[in-house]
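Read the structure below first, then the notes.
The values are calculated or read from the model by the stated rules, or taken from the named source; none is laboratory data. What you see is a predicted model, and the numbers here were worked out from it, not measured in a lab. A quick note on method: Cβ atoms are made from the backbone with ideal geometry, for glycine too, and the neighbour counts reach across all protein chains shown. Heavy atoms of the whole protein, side chains included, go into the accessibility calculation; ligands, DNA and RNA do not. Shrake-Rupley method; radii C 1.70, N 1.55, O 1.52, S 1.80 Å.
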Amino acid sequence: MGRQVAVIGGGAAGMTAAIHAAGGGASVTIYEKNDRVGKKILATGNGRCNFSNETMGTRFFRGSGTALVDNVLSRFDVAAAKEFFSSLGMRVKDRDGYLYPASDQASTVLDLLRYELARRGVSVHTGEAVKALSYNGKREKFRVSAQGQDISYDAVILACGGCAAPNTGSDGDGYRLAKQFGHRIVTPVPALVALRCRETFYRQVAGVRCDAGLTLCVAQKQVYRERGELQLTDYGISGIPTFQLSGLAARALQEKKPVTVQISFLPDLDREAGNAFFRSRLQEHGEDTMEVFLTGIVNKKINQLLLRLANIQETAKAKDVPNEALQRLQKLYCCLETEIAGTNGFEKAQVSAGGVDCSEVTDNLMSKRQGGLYFAGEILDIDGLCGGYNLQWAWSSGAVAGRAAACRQTDERD
């Protein structure tokens, strides 16, 4: 008879772990507090589910577990994820390396996982939050308490997610269970989230989208650069380039460090090239008013904002504007520095950064503090960038943890 394995959390990582544990001969039960499994999957990729990326590696991940990422990804890599979903019946669409189901529906991914759980004989308990988890050393059994019942298992996989999007069930409850076994939790902060800025002028440009370069500075030191479509909101900055640096910004703010972002509205030009561009434009259009002079450079609302910040009138002729004022304006186009006051909350974040300290788990994702206890997915202190990386981590960590949990020898070797 196979091992009895409990998976706590029925998200992407939990379902994958259950499928692979069952594939290893285990008898598997999923406990999911929501009324359905995989609720968060439906919101990924704007409902299209960017489930992985052909370009993969540790540079796309952050946290205490980056040294662990390569090991886990090498054992269930992008090719394995594609093969896994193809074997379930899904056609894969490649958009410049970003991988989606050909149906462009996140529900395809979820439905196929649900069907496979049923085929593998996995027992799925929805609407059942785990109230307590304990271990009996004499019997070498875990006891899972849910819905007034206590059931024993040989191994447990914690795949409860982090704190992001708590309306989907990720409310940090898994950290409580991990702490019971002595695990250190790296304080979670929102990641892949919009940033709130101290300046009030963003109301003037709310709704504008533009190509921009962003440089994150922590304590006046440049720590990360990104480029892409910036979205300006009434409270600050959003869009994918903002999301990519938001976790680092949130962590620095949590550590009480000053955080700024330098925005370049002319990302193809460095400071010297920017100055040359404006000198050439001044020679050709010096007789124009500043409103006309700036038309066509970037979005009109941005032009108007930067003129106001540089204290230049729209009606002034370009040739008559003092050189000092023009220099201020040029600098604003190439490097508008904004102070970050905070992030949007977990309810708006796609993932959370933080979680179970990865130095306390083995290469098979088993607890070093308690044999037979495994972790998968966002509950670990690993978070990826936008682009399918967090879901690939869910598939990879779920597969590795599930296979290991099904094998008693793995508990002993780890």
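Consider region 295-311. How many of its residues are of a type in the set (Val, Ile, Thr), in contact (Cβ under 8 Å) with a residue 24 or more places away in the chain and either closer than 20 Å to Thr338 by Cα or surrounded by fewer than 15 Cβ atoms within 10 Å (Cβ to Cβ) (or both)?
2
When the residues of region 169-205 are filtered to those that are modelled with pLDDT of 95 or more, open to solvent by less than 20 Å² (accessible area, probe 1.4 Å) and among the hydroxyl-bearing types (Ser, Thr, Tyr), which remaining residue is farthest from Val156 (Cα to Cα)? Among them, the one singled out is Tyr202.
Taken together, the residues in region 146-159 that are at pLDDT below 95 and either under 18 Å from Leu380 (Cβ atoms) or open to solvent by less than 50 Å² (accessible area, probe 1.4 Å) (or both) amount to 1.
Among the conditions (1) in contact with a strand residue (DSSP E or B) (Cβ under 6 Å, 6 or more places away or on another chain); (2) open to solvent by 20 Å² or more (accessible area, probe 1.4 Å), the only one that Val292 does not satisfy is (1).
When Gly274, Gly286 are screened for being among the small types (Gly, Ala, Ser), surrounded by fewer than 18 Cβ atoms within 10 Å (Cβ to Cβ) and at pLDDT below 95, only Gly286 passes.
If you go through region 148-180 and keep only what is of a type in the set (Lys, Arg) and more than 14 Å from Lys131 (Cβ to Cβ), you end up with just Lys179. All but one of (1) within 23 Å of the chain's Cα centre (by Cα); (2) closer than 23 Å to Phe61 by Cβ hold for Asn167; which doesn't? The single condition Asn167 does not satisfy is (2). If the condition is being β-branched (Val, Ile, Thr) and more than 26 Å from Ala252 (Cα to Cα), then region 30-72 contributes Ile30, Val37, Ile41, Thr44, Thr55, Val72.
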